[in-house]
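The values are calculated or read from the model by the stated rules, or taken from the named source; none is laboratory data. Remember, predicted model here, so these are calculated numbers, not experimental data. Cβ: placed from backbone, ideal geometry, glycine included. Neighbour counts: every protein chain shown.
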Amino acid sequence: MRKPTILLSPLHLRKLLLLRCFSPLPNSLTHVSACRPPSPPAPSLRRQEPFPSYAFSSAHFQGLSIRLFSSQTGNPAGSFTNESSGKVGEEKSIAEGLSNELLKDPDAEPLPLPKRLDLSFSHITISPELLRETLNISPDAGRMALDFLKWAKSRPGFLPSDEVYSYFVDYFGRRKDFKATHEVLVDGRGVTGIKSLEALVDRLVRAGRPTQVVALFESMEKDYGFPRNMDALKLIVSGLCERGYASYAEKMVKSLANEFFPDEFICDALIKGWSVDGKLEEVKRLVDEMYRGGFEISTYAYNAILDCVCRLCREKDPFRLQAEAENVLIEMERNGVPRDVETFNVLITNLCKIRKTEDAMKLFSRIREWGCYPMKLHILS
């Protein structure tokens, strides 16, 4: 029998609540939020094809039954698992070998990197996963990764994709070596796409270079062949706003409004950006402008506002948190914006951070009223 809630310490309650994930009830469509995170439209996911239909004869079924029910010395499922784990282990071993070559001092080696790799790894099959694993365990390889990319491209049967180039863009971006990133993108012109652009924007923003991100939109088509369109604009605006550079993003959006008129997606991203930056007055200004312009504010945007309000209250006056959060919820209800799973995550997380675990538990017990229920465990960041 589960222990009563009152016997749990506040620390235990907080851990319990922080490990909860909420999901809308599948049959409660009226409460499902229309919000969506402001990320750019990614390439369409590959759809899983249905199983092919085969016409089995009685001989097929007879053979199948014999294989299934006859005594066997081996375990097919176990063999498959062992084979898969063996393949993963082999790939990891190859990645470690490649990494060792990348990390060697080129001045101390008699042969250049491509020659050394040809001698030791001419038998291997190059895959995107192998390249990613090698880069992940070679953070100090530096510019040798450029030679590694050239060598991989020279291997028979291997054609680099947008995904592969994005790994190298991300690698050099982590090192803040954007000259090398430029070389990678120039080399991949015609192949690189949304993944490489997303990696570039992410790393520039993380490096604290919002001005370069804004300038990128004007030069990327000429320099790298990226189409200068609404999807790219959304990606860049989203990247800036996720890191709190809403002022740069808003100026960019307004300067391009005649060419790319902002939609609700971009407006939500801007609200999120100002909220991340803790600028509540700017949030209110933008919300008023949106309503005057005929835009609707999504649950996603209101969740960002709610988190901003809670965060500011935690910093200045924790005792006002619940009252201020309630004001946001009332405004959502007045404007017909439904609560969703993230709304509860925001509230419960912030209540736990100010040690209001009993109130968090009460809220937790009421989530079904809005069509949500605990589905599976996860850790909230």
Residues of segment 182-230 satisfying the condition of being closer than 25 Å to A246 by Cα and hydroxyl-bearing (S, T, Y): S196, T211, S219
Go through segment 244-299 and report how many residues are closer than 24 Å to V201 by Cα and touching a residue at least 40 places away in the same chain (Cβ under 8 Å). 6
I want to confirm something. Restricting to segment 75-133 and keeping residues that are of a type in the set (S, T, N, Q) and under 27 Å from the mean Cα position of the chain (by Cα), which single residue is modelled with the lowest pLDDT? S84
Just for segment 285-333: of the residues that are in a helix (DSSP H, G or I) and among the β-branched types (V, I, T), which one is surrounded by the fewest Cβ atoms within 10 Å (Cβ to Cβ)? I330
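Considering only segment 169-205, how many residues are part of a helix (DSSP H, G or I), of a type in the set (V, I, T) and surrounded by fewer than 22 Cβ atoms within 10 Å (Cβ to Cβ)? Write out each step before concluding.
First, the residues of segment 169-205 that are part of a helix (DSSP H, G or I): 169-174, 178-187, 194-205.
Now drop any that are not of a type in the set (V, I, T), which leaves 169, 181, 184, 186, 194, 201, 205.
Pick out the ones that are also surrounded by fewer than 22 Cβ atoms within 10 Å (Cβ to Cβ) and you get 186, 194.
Total meeting the criteria: 2.
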Consider Y245 carefully, then state whether it is out of contact with any Ser or Thr (no Cβ under 7 Å at 6 or more places or on another chain), within 23 Å of F148 (Cα to Cα), at pLDDT 95 or above and buried (at least 23 other Cβ atoms within 10 Å of the Cβ). no
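Against the condition of a type outside the set (S, T, N, Q) and within 20 Å of the chain's Cα centre (by Cα), how does G225 come out, does it pass?
Numbers: of a type outside the set (S, T, N, Q): yes; within 20 Å of the chain's Cα centre (by Cα): no.
Against the criterion (of a type outside the set (S, T, N, Q) and within 20 Å of the chain's Cα centre (by Cα)), G225 does not qualify.
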If you scan segment 328-366, which residues turn out to be more than 11 Å from Y302 (Cβ to Cβ), touching a helix residue (DSSP H, G or I) at 6+ places or on another chain (Cβ under 8 Å) and among the polar types (S, T, N, Q)? T349, N350, T357
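Criterion first (in contact with a helix residue (DSSP H, G or I) (Cβ under 7 Å, 6 or more places away or on another chain), in a helix (DSSP H, G or I) and within 18 Å of V164 (Cα to Cα)) does L130 satisfy it? Let's see the steps before the verdict.
Values: in contact with a helix residue (DSSP H, G or I) (Cβ under 7 Å, 6 or more places away or on another chain): yes; in a helix (DSSP H, G or I): yes; within 18 Å of V164 (Cα to Cα): yes.
Criteria met by L130.
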